Number of protein chains: 2
Amino acid sequence: MSTAEETGGENMPWGEVTPDAARRLLIAAVEAFAERGYHATTTRDIAGRAGMSPAALYIHYKTKEELLHKISTIGHTKALAILESAADGPGSAADRLVEAVRSFVVWHAGQATTARVVQYELDALGEEHRAEVVLLRRRCDAAVRRILSDGVDAGEFEVPDVSGTTLAVLSLCIDVARWFSLDGRWTPDEVGAMYADLVLRMVGAGAPGPQN
Amino acid sequence: MSTAEETGGENMPWGEVTPDAARRLLIAAVEAFAERGYHATTTRDIAGRAGMSPAALYIHYKTKEELLHKISTIGHTKALAILESAADGPGSAADRLVEAVRSFVVWHAGQATTARVVQYELDALGEEHRAEVVLLRRRCDAAVRRILSDGVDAGEFEVPDVSGTTLAVLSLCIDVARWFSLDGRWTPDEVGAMYADLVLRMVGAGAPGPQN
DNA sequence: GCTGGGGGTGAGCAAGCGCTTAGGGTTGGG
DNA sequence: CCCAACCCTAAGCGCTTGCTCACCCCCAGC
């Protein structure tokens with residue numbers, strides 16, 4: 001876990017999707033959805049990007065919405081794993097918060113294309129599929145809240161409103177996917193480090209001074 | 001300026017749009033775009049919400065995109081006025097930062113429907129119209145940056161990266177439009193106050209302790 | 001009471017949409 | 001050498017889209 005951080009900490013982002021043709025279609029869909037949004041993307045565009053005819057899509061996926069569902073589920077699962085791994089990891093609450101924010105932000109920056117779809121196309125999912133994904137989101141919220149509560153209990157943090165701060169921290173990190181890489185001014189690691197510092201300050205555990 | 005804060009500080013959000021029929025269409029479009037997104041909204045839906053036939057829309061607007069452009073321009077102008085008013089107002093850098101974040105967030109929460117369209121449907125605009133709006137966005141960025149720079153120069157703030165922190169502050173505030181009012185747990189004023197406090201902490205001017 | 005014109009409608013066009021179906025090329029087992 | 005299983009495509013179906021056009025209604029001015 002060192003050089004691959006630039007891709008958000010993943011070596012093979014969609015390695016779990018098989019067969020190969022299905023993966024190519026899914027990657028094409030991620031790019032198209034991220035660029036133009038779900039509703040503005042046509043199945044012909046997705047198939048075209050994958051080098052196939054429009055009909056080929058329906059051999060591997062029942063509908064266009066199933067593609068979004070698969071992308072959203074895999075993406076949210078990955079994001080949740082990052083947060084829970086940090087929340088349940090070793091170290092003080094401050095250590096865990098830094099690691100959570102850092103790795104979560106690195107993923108949203110390094111995998112900005114995927115993250116944009118995952119975070120901003122939720123409403124395009126059907127009723128049932130959206131409900132599934134909302135459950136994963138709640139667990140993301142719970143992981144961050146757990147760290148903040150622990151920090152408050154331990155006297156490490158000074159936070160007047162744990163729920164509100166949880167929301168603000170997640171909101172701040174998620175929005176990275178919207179603006180990242182408009183130019184190449186920062187690397188994912190740099191944004192991750194900066195945001196970890198900002199969030200530490202938000203919970204009253206910041207170190208105004210130490211970092212050069 | 002007291003009770004009307006719940007609507008984001010505006011008495012008559014679209015009062016500048018005339019004649020009446022054009023305003024009704026525009027308000028219908030804002031609601032539809034906010035609910036389903038620009039691309040998923042049909043001109044029939046907009047006209048229907050305004051109580052008119054599909055053809056009536058084209059008496060007042062040339063295209064569906066012109067509607068979005070009008071909404072986006074008016075909305076961004078309003079948001080920019082809020083930030084510049086705070087940035088160029090009286091008081092210390094900390095005072096101005098608090099006022100900027102507070103009023104900006106109150107608007108994004110109170111006018112969440114409008115703000116969602118303004119902040120998240122930018123890419124749906126045509127090339128030229130988007131370029132216009134991007135200029136307004138840059139001025140928003142400049143206003144916040146001005147406050148932060150002043151605070152650093154005056155020794156009030158301790159901020160390692162002014163550009164990055166400017167981005168983070170704006171990102172945090174803008175994202176309020178995405179999540180606000182999923183339930184009614186906070187009022188716009190409450191979110192505004194909480195966010196102003198969080199941002200003060202981010203710039204190293206927070207007061208961990210004072211507020212109960 | 002007639003009239004002219006601005007605000008509105010019903011019907012519909014061309015284009016593009018998600019998705020289906022009949023059929024063709026390639027490959028591995030007998 | 002055949003053939004069946006597997007992927008994929010060309011063509012196109014039924015529908016919806018943004019938008020247009022011929023027409024109508026209502027009301028102020030003479």
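Scanning the stretch B:116-129 for residues that are within 13 Å of chain A (Cβ to nearest Cβ) and open to solvent by 30 Å² or more (accessible area, probe 1.4 Å) yields B:116, B:120, B:121, B:123.
Residue B:61 passes every criterion in (1) at pLDDT 95 or above; (2) within 10 Å of DNA strand D (Cβ to nearest atom) apart from (1). Kindly indicate the residue of the stretch B:103-131 that is more than 12 Å from the chain's Cα centre (by Cα) and in contact (Cβ under 8 Å) with a residue 60 or more places away in the chain and also nearest to residue A:178 (Cα to Cα) among those meeting that condition. Looking at residues that are more than 12 Å from the chain's Cα centre (by Cα) and in contact (Cβ under 8 Å) with a residue 60 or more places away in the chain, I get B:121. State yes or no: is residue B:58 within 15 Å of DNA strand C (Cβ to nearest atom), without any contact (Cβ under 8 Å) to a residue 60 or more places away in the chain and of a type in the set (Ser, Thr, Tyr)? Against the criterion (within 15 Å of DNA strand C (Cβ to nearest atom), without any contact (Cβ under 8 Å) to a residue 60 or more places away in the chain and of a type in the set (Ser, Thr, Tyr)), residue B:58 qualifies. What do you reckon, is residue B:137 among the basic types (Lys, Arg), within 11 Å of chain A (Cβ to nearest Cβ) and surrounded by 15 or more Cβ atoms within 10 Å (Cβ to Cβ)? In short, yes. Kindly provide the set of residues from the stretch A:132-151 that are more than 30 Å from residue A:67 (Cα to Cα) and in contact (Cβ under 8 Å) with a residue 40 or more places away in the chain, ordered by number. Passing the criteria: A:146, A:147, A:148, A:150, A:151. Do you know which residues across the stretch B:29-54 are open to solvent by 70 Å² or more (accessible area, probe 1.4 Å) and in a helix (DSSP H, G or I)? Scanning the stretch B:29-54 gives B:31, B:35, B:36, B:44, B:49. Screening residue A:44 on (1) among the basic types (Lys, Arg); (2) free of Cβ contacts under 8 Å to residues at least 40 places away in the same chain; (3) away from DNA strand D (no atom under 16 Å from the Cβ) shows it passes everything except condition (3). Considered as a group, the residues in the stretch B:4-28 that are among the aliphatic types (A, V, I, L, M) and assigned to a loop (DSSP other than H, G, I, E, B) include one that is farthest from DNA strand C (Cβ to nearest atom), and that residue is B:12. Does residue A:201 count as facing chain B (nearest Cβ under 10 Å), of a type outside the set (Gly, Ala, Ser) and either over 19 Å from residue B:179 (Cβ atoms) or part of a helix (DSSP H, G or I) (or both)? Judged against the criteria, residue A:201 is a match. Every condition in (1) within 16 Å of DNA strand C (Cβ to nearest atom); (2) modelled with pLDDT under 95; (3) among the hydroxyl-bearing types (Ser, Thr, Tyr) holds for residue B:38 except the one numbered (2).
Restricting attention to the stretch A:160-200 and to residues that are of a type in the set (Gly, Ala, Ser) and open to solvent by less than 40 Å² (accessible area, probe 1.4 Å), the residue that is nearest to the chain's Cα centre (by Cα) turns out to be A:177.
Screening residue B:63 against (1) touching a Pro at 6+ places or on another chain (Cβ under 9 Å); (2) surrounded by fewer than 17 Cβ atoms within 10 Å (Cβ to Cβ) leaves a single unmet condition, (1).
The values are calculated or read from the model by the stated rules, or taken from the named source; none is laboratory data. Everything numeric here is computed off the predicted structure, so don't read it as measured data. Note: ideal-geometry Cβ built from the backbone for every residue, glycine included; neighbour counts use all protein chains shown. Areas reflect the complete protein model, heavy atoms only, side chains present, ligands, DNA and RNA absent. Shrake-Rupley method; radii C 1.70, N 1.55, O 1.52, S 1.80 Å.
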